[in-house]
Structure formats: structure tokens, C-alpha cells
Amino acid sequence: MAANDKLIQVKDLKKHYNKGVIRALDGVTVDICKGDVMVVIGPSGSGKSTFLRSLNLTEEPTGGEILFHGVDITKKKIPNEKGKLVKLDLDKHRQKMGMVFQHFNLFPHKTILENMTLAPVKLKKLSKADAEAKAKSLLERVGLADRAAAYPIQLSGGQKQRVAIVRALMMEPEVMLFDEPTSALDPEMVGEVLEVMKELASEGMTMVVVTHEMGFAREVGNRVLFMDEGKILEQGAPSEIFDSPKHPRLQDFLSKVL
Amino acid sequence: MGSMISQAGFDLTFKYVKLFEQGIVVTVMLALFTVIFGFLLGILLCILRMTDIRPFRFLAIDRNGRLRDGGILLTLSKFNPVSFLATCYVEVIRSTPVLVQILIIYHGLFKAISLPKFTFFGFISFERFFPGVVALAMNSGAYLCEIIRSGIQSIDGGQSEAARSLGLSRGQTMLHIVLPQAIRNILPAIANEFVVIIKESAICYTIGVQDIMAAVEAVRGATFRIMEPLLVATALYFCLCFPTSKIIAYVERRMSRGSKR
Ligand SMILES: Nc1ncnc2c1ncn2[C@@H]1O[C@H](COP(=O)(O)OP(=O)(O)O)[C@@H](O)[C@H]1O
Ligand SMILES: [Mg+2]
């Protein structure tokens, strides 16, 4: 792919705690291009969540750079269109990145429709009427049109996660980050969520997905990263990673999960 | 002296029914003002404790403009003097008896600040009533601060994270996501605090506030009966507190039904 397709460039990203005793991220370098479906795998505690959370600056890195459209967002001040240094608007940046969590994190005191319209309306991205129309059409697409007036507690896990995905889509993000979106689901509900993600991928959405669903990684992913101890130990096309893993740790990991 | 409790004792006590009537008014007023001021103080303390005022914030960033990964400077950068002082206040109040607090307020603070001498409602002496309210409010403000704060902290961090990931600001997240859930969670505790204040206000008779307990003391002084006036006081406090907590419980049930959670 051409260089200007690079949406996010991560360079030597570090997140250390306790003077480097804990290295959640220890020099991660990777490019994420438009339309990529990048799957991140690795054992628990290897830094996958920290990596995702750094991308939308929920975690502040202790070293390295994250270039988003070529601009280093880890800097407090970034150049604007005229080249003047201005304070980075974190909230604006986060609007461009949708995030889906393991535990859904729907707002329990709001209906499904309110969950979806809250951010676009409060952030004046859409009028209330437009937001509701958009939310309804998104709910339609994930087969939950009839649940708009329900509260999250009334939904199954799979339904909640589908709502969480379309809630993030309401802000029309440029990239979607998924942190183990199916890990908290009963097995029979995993499929319906993966189906929505697959559809999203086929529409060309740029996605970074932390998951233990190796079938999804192989089928939908176009690149797979293997992380361990805060480092990317191996990366490549799904076929390379799954059929001919080179790093012994990756071989060991795959023998446990496959 | 007759038996410990007798009809004659009650007859004597009921001669002073006027004192008890006044006592009820004073007790209710004490509790009401205390709740209002205590709640305002609680909110203020809570805001102070949750501020992000860090004069040494710059120490968190190293020479290359990066967040430090640990060490004394990072710890120092997190120091918030406003939050620290508010925390000290809350902890001192919660770790000392309310009786000591009320005596210090009355004999210390309000000997230094002289209050106007007047009565309102015909029988409430402002000079004694006001220090009572101040002491009770200062006390319950500390507890209410903790209640509000723990309510906010009880909300799963994933809620804020989800809200922030959608682009909502810190303030919007607090207002639309965290507070509505927190307030619902702490309503029982706040209501309970109100009932506690009604009961704790009994201590104000030690500084001469003419509440229900002062009526008990007055009857005892005049008739040398103690059990009968005490039983009357017991009945009165019960009649104030029990329905209050029942009404609050009812309102709570109504509210949680409305939210369909
Ligand atoms: N606030 C923190 N303080 C200290 N260590 C942390 C903190 N947050 C995460 N870590 C550590 O960072 C490492 C990576 O965590 P995480 O990114 O959640 O891993 P994963 O998502 O791959 O399971 C873990 O060892 C974890 O204990
Ligand atoms: Mg994780």
C-alpha cells in the first residue's frame, strides 16, 4: 500500500510503570493503513489492551510516538492547518476512534436509543431528530430495531455488544478498536457479534481487533500481530502466522489456543 | 420516691407538654437546617477532593516532554493541596466524637465570634441554636462527602471510559453518565444520614439548645422523675424517625421502578 494510506503510525511506543519495572508496552512499532483489519493476539498481560487504549490516548504513553494522519498525538501541542502550535483536543481525537469493550459498557440508565444518540447530540454532531433516525437505521442493520426503547439490562450479552458497536459507529469514526469484544459472551452469542464485525470489515472500516477468536483472525483479518511482554514478537498475514509461526513463543501460544 | 415508672410520673410529665412541643419544633428545625447546610458542605468537600489542582504537575513530564514512568517526581506531581486539606478535614471529623466537636464549636468558635442575642419562634435562642446547627452540619458534611464520593467511585470505570471514547469531555461524562447513576446509588445512604441527624441532634441539649432532650432535663429538674420523660422522648424520636425512613424507602422504590433497571 502507498505511504499516504497510513492512517496510524506507531513508533517505538512505550508504557512503563514503576521506573520501567513493569513494561506494559516496550517499544511497539507498527503501521495501520486505511481499510486494515489488524488482529492482535497474545497471552493475558502481554499489553494488548494497553496498546489499544494508547491509540485513543486513554493511556498516556511514557515514550514513543503515535502519528494519526501524520500528526503526533502524544504531543500536548500539535500544529494546526496554518502550522501554528495549538493544544491537542483529546475529545475531538477520540471521536475519530470508536472503541468496543469486553464488558460492553452500555449506559444502564439510558435506553438503547439514548445510548446511541447521547454523544452525537451532546457534541452537536447531529440534531436530535437526525441522531434518532441514524440510530434507528443502524439498529435495523444489526437486527435490533425493535429494541430501541429497551434498557441495556433487558438485552442479552450478544445484543448488548451489537448495540455497543453501533453506538460507536454513530460518531462515524475513522477506525474502530475492539478489545476482546466476544470474551464476555456465552458461546452461542459469539457468532452474532463476529458477524457484525465481519460486515463492518467488508465495508472497508479500518479495525484493530484484540481477540482470541482465531477463526475470525484468519478469515477476516488481513494482518495479525502477536504480542508478548509488551513487544510485537511476530506479525504477518494470517496464513503466515497460523500456518508457519516462526517465534517459539508464538508456536507455544498457538498450541495452547488452537 | 415512688416506683421507677408510674402513672403519677406520667401525669407530672404531661404537665410540661408545652416544653415537649417546643422541643419537637427545635429538633425538627435543627435536623432540617443541618441537612441543608450539611449537604451543601458535603458537595463542596466532594468537589474539593475531586479537583485536579496540582501545582507540581509539571514535574510529571521529563526533559523530552514525556510522561515519567515512576519515581518521586511523578508522585510529587500528583500532590493536590486542596484535595489534601479537604481530606484532612473529613478524616478529623470522622475520627473524633461529635460531642467533642459540638463543645469545641460552642465554647471555642462561638466564644470568639459573638452571636446576636435574639429568639425566633418565640422560644428558640439563636445564640445556642446556631452553634448547634453549625456543629452538626460540619459533622454530617464530612459523612455526606464520603457518601457522595463513594457513590461516584462505585460507578464502574468502564462507564467513564466508554463515554470518553465517544468524545464526551470530563465534565459531560460526570454530568450525563456518572452522576445520574451515582445519585441513584447513594439515595438510601443520604436518606439514612437524615434520620441519623434527627437522632444525633439530641446532643445539642449539652449546649443549652431547647430540644426534646432539654425538655426531658427540665422535667427531671422540676419533678425528679426521669424514666417517664425519657419514655416520652423515646416515643417522640421514634415518631420522627420511623415514618421518615419509611417515606424515604417508599420514594426510593418508586424511583427505581421508574428507571426499569
Ligand atoms: N496501572 C497499572 N499499573 C501497573 N501495571 C499495569 C497497569 N495497567 C496495566 N499494567 C500491567 O501492564 C501489563 C499489560 O496489561 P494489559 O495491556 O491489560 O494486557 P492484556 O490486555 O494483553 O491482557 C500487565 O502486566 C498489567 O499488569
Ligand atoms: Mg486486555
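The values are calculated or read from the model by the stated rules, or taken from the named source; none is laboratory data. Note that the coordinates shown come from a computational prediction; the quantities given were computed from them, not determined experimentally. All Cβ positions, glycine included, derive from the backbone under ideal geometry; neighbour counts span all protein chains shown. To get the accessible areas, we keep the full protein, side chains included, count just its heavy atoms, and leave off ligands, DNA and RNA. Shrake-Rupley method; radii C 1.70, N 1.55, O 1.52, S 1.80 Å.
Quick notes on this one:
Yes/no per residue for (1) under 15 Å from the mean Cα position of the chain (by Cα); (2) within 16 Å of ligand 2 (Cβ to nearest atom):
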{"site": "A:174", "(1), (2)": "yes, no"}
{"site": "A:180", "(1), (2)": "yes, yes"}
{"site": "A:196", "(1), (2)": "yes, no"}
{"site": "A:201", "(1), (2)": "yes, no"}
{"site": "A:234", "(1), (2)": "no, no"}
{"site": "A:239", "(1), (2)": "no, no"}
{"site": "A:249", "(1), (2)": "no, no"}
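- Among the residues of region A:26-62, those identified as under 24 Å from residue A:90 (Cβ atoms), open to solvent by less than 10 Å² (accessible area, probe 1.4 Å) and more than 10 Å from ligand 1 (Cβ to nearest atom) are A:28, A:30, A:32, A:36, A:38, A:55, A:56, A:61.
- Sub-9 Å Cβ pairs linking a first residue in region A:41-68 that is at the interface with chain B (Cβ under 9 Å from one of its Cβ atoms) to a second residue that is among the polar types (S, T, N, Q) and surrounded by fewer than 20 Cβ atoms within 10 Å (Cβ to Cβ), at least 6 apart or interchain, are A:63/B:64; A:64/A:29, ordered by first then second residue.
- Condition broken by residue B:209, with the remaining ones in (1) surrounded by 18 or more Cβ atoms within 10 Å (Cβ to Cβ); (2) part of a helix (DSSP H, G or I); (3) of a type outside the set (S, T, N, Q); (4) touching a residue at least 12 places away in the same chain (Cβ under 8 Å) satisfied: (2)
- Residue in region B:147-157 that is within 13 Å of chain A (Cβ to nearest Cβ), crowded, with 16+ Cβ neighbours inside 10 Å and closer than 30 Å to residue A:178 by Cβ present: yes
- Inspection of region A:16-23 identifies no residue that is near ligand 1 (Cβ under 9 Å from one of its atoms) and among the small types (Gly, Ala, Ser).
- Any hit, region A:13-25, residues being within 14 Å of chain B (Cβ to nearest Cβ), open to solvent by less than 10 Å² (accessible area, probe 1.4 Å), out of contact with any helix residue (DSSP H, G or I) (no Cβ under 9 Å at 6 or more places or on another chain) and within 16 Å of ligand 2 (Cβ to nearest atom): no
- Scanning region B:236-261 for residues that are more than 20 Å from the chain's Cα centre (by Cα), away from chain A (no Cβ under 14 Å) and either open to solvent by less than 60 Å² (accessible area, probe 1.4 Å) or modelled with pLDDT under 85 (or both) yields a count of 4.
- Residue check, residue A:8 within 16 Å of ligand 2 (Cβ to nearest atom), more than 11 Å from chain B (Cβ to nearest Cβ) and either modelled with pLDDT of 95 or more or closer than 25 Å to residue A:257 by Cβ (or both): no
- Taking each residue of region B:212-237 that is polar (S, T, N, Q) and looking for partners that are open to solvent by 30 Å² or more (accessible area, probe 1.4 Å) with beta-carbon atoms closer than 9 Å, six or more apart or interchain, yields B:223/B:12; B:223/B:15; B:223/B:16.
- Residues that are farther than 18 Å from residue A:30 by Cα and away from ligand 2 (no atom under 13 Å from the Cβ), drawn from region A:206-232: A:213, A:214, A:215, A:216, A:218, A:219, A:220
- Looking only at region B:3-31, and only at residues there that are aromatic (Phe, Trp, Tyr) and open to solvent by 50 Å² or more (accessible area, probe 1.4 Å), the one that is farthest from residue B:122 (Cα to Cα): B:14
- Qualifying residue in region A:187-209 (condition: within 16 Å of ligand 1 (Cβ to nearest atom), surrounded by 19 or more Cβ atoms within 10 Å (Cβ to Cβ) and outside any loop (DSSP other than H, G, I, E, B)): yes
- Residue in region A:149-160 that is more than 14 Å from chain B (Cβ to nearest Cβ) and either touching a strand residue (DSSP E or B) at 6+ places or on another chain (Cβ under 8 Å) or open to solvent by 60 Å² or more (accessible area, probe 1.4 Å) (or both) present: no
The rows are residues; the columns are (1) closer than 24 Å to residue B:188 by Cα; (2) surrounded by fewer than 17 Cβ atoms within 10 Å (Cβ to Cβ); (3) modelled with pLDDT of 95 or more.
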residue: B:54; (1), (2), (3): no, no, no
residue: B:60; (1), (2), (3): no, no, no
residue: B:64; (1), (2), (3): no, yes, no
residue: B:80; (1), (2), (3): no, no, no
residue: B:101; (1), (2), (3): no, no, yes
residue: B:122; (1), (2), (3): no, yes, no
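Conditions (1) under 24 Å from residue B:184 (Cα atoms); (2) among the charged types (D, E, K, R); (3) away from chain B (no Cβ under 14 Å); (4) open to solvent by 60 Å² or more (accessible area, probe 1.4 Å), marked per residue:
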site	(1), (2), (3), (4)
A:74	no, no, no, no
A:77	no, yes, no, yes
A:81	no, yes, yes, yes
A:89	no, yes, no, yes
A:112	yes, no, no, no
A:126	no, no, no, no
A:131	no, no, no, no
A:137	no, no, yes, yes
A:164	yes, no, no, no
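- Residue in region B:127-137 that is open to solvent by less than 60 Å² (accessible area, probe 1.4 Å), away from chain A (no Cβ under 14 Å), free of Cβ contacts under 8 Å to residues at least 12 places away in the same chain and not hydrophobic (A, V, I, L, M, F, W, C) present: no
- Long-range neighbours under 8 Å by Cβ, at least six apart or interchain, first residue within 16 Å of ligand 1 (Cβ to nearest atom) within region A:230-241, second among the aromatic types (Phe, Trp, Tyr) and open to solvent by less than 20 Å² (accessible area, probe 1.4 Å): A:232/A:226; A:233/A:226; A:234/A:226; A:235/A:226
- Complete set of residues in region A:26-74 that are within 16 Å of ligand 2 (Cβ to nearest atom), touching a strand residue (DSSP E or B) at 6+ places or on another chain (Cβ under 7 Å) and basic (Lys, Arg): A:48
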